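**Student:** The structure is given below, and queries will be raised subsequently.
The values are calculated or read from the model by the stated rules, or taken from the named source; none is laboratory data. Just so you know, these numbers come straight off a predicted model, no measurement behind them. Counting neighbours? That spans all protein chains shown, and the Cβs are built from the backbone with ideal geometry, glycine included.
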Amino acid sequence: MTRRMMMLMTAGAVALGFAGLAGFGSHSAFSADEDASQEALIKLLDAAKISLQQGLAASEQRGKPISAKFEVGDGKLQLSVYIAKEDKFFEVLIDHVTGKVLGAEPITEGEDLSAAREQSSTMANAKTSLQDVVQKTIAQSANTRAVSVVPSMKDGHPIASIDVLTYNQVRAIQQPLD
């Protein structure tokens with residue numbers, strides 16, 4: 001078992017423990033799905049030749065990046081970036097090896113649309129780009145890799161929550177965007 005795998009499994013177990021304490025009720029199916037998802041991500045993340053920051057930069061040719069994450073889809077690693085362009089939202093898929101844009105799908109409904117609207121609204125108040133805030137976060141710690149970045153508002157100020165993988169732990173770091 002790799003160090004990254006152990007780290008993400010431990011982080012997932014801790015997160016699920018907090019979810020149980022917070023009163024989310026029975027989450028046994030969620031736990032199994034979450035553990036499997038994290039394990040798959042850890043195994044595949046080493047295949048990524050580009051960073052989250054490079055994926056954000058590549059997506060800019062299609063619009064303004066409003067969030068990004070490495071994830072596993074159909075058993076394969078992918079880098080997904082939500083962008084906003086002319087009051088519309090798209091999910092841009094970036095090749096995790098070459099950094100080239102593979103395509104963009106419109107986001108038109110459901111939770112994805114709600115999340116994109118909220119992220120876009122937050123980024124409208126931001127003075128710092130997601131790419132810059134991720135780079136700043138990574139520069140502060142050795143052997144750290146950004147896995148995702150999601151903006152939100154906190155106490156009236158835009159912030160970015162950056163999930164980073166460092167040695168044997170995953171943690172969320174919040175950075176101001178204003």
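**Student:** Which one of E86, E39 is farther than 17 Å from P151 by Cβ and outside the structural domain of A139 (by TED's automatic domain parsing)?
**Tutor:** Of the residues listed, the single one that is farther than 17 Å from P151 by Cβ and outside the structural domain of A139 (by TED's automatic domain parsing) is E39.
**Student:** State whether the residues of region 115-126 include one that is free of Cβ contacts under 8 Å to residues at least 24 places away in the same chain and either within 14 Å of A58 (Cβ to Cβ) or among the basic types (K, R) (or both).
**Tutor:** No, that holds for no residue.
**Student:** Could you check how many residues of region 117-146 are surrounded by 20 or more Cβ atoms within 10 Å (Cβ to Cβ), outside any helix (DSSP H, G or I) and of a type outside the set (A, V, I, L, M)?
**Tutor:** Number of matching residues: 0.
**Student:** Out of the residues in region 43-53 meeting the condition of being farther than 19 Å from K136 by Cβ and not in a helix (DSSP H, G or I), tell me which one is nearest to the chain's Cα centre (by Cα).
**Tutor:** This residue is A48.
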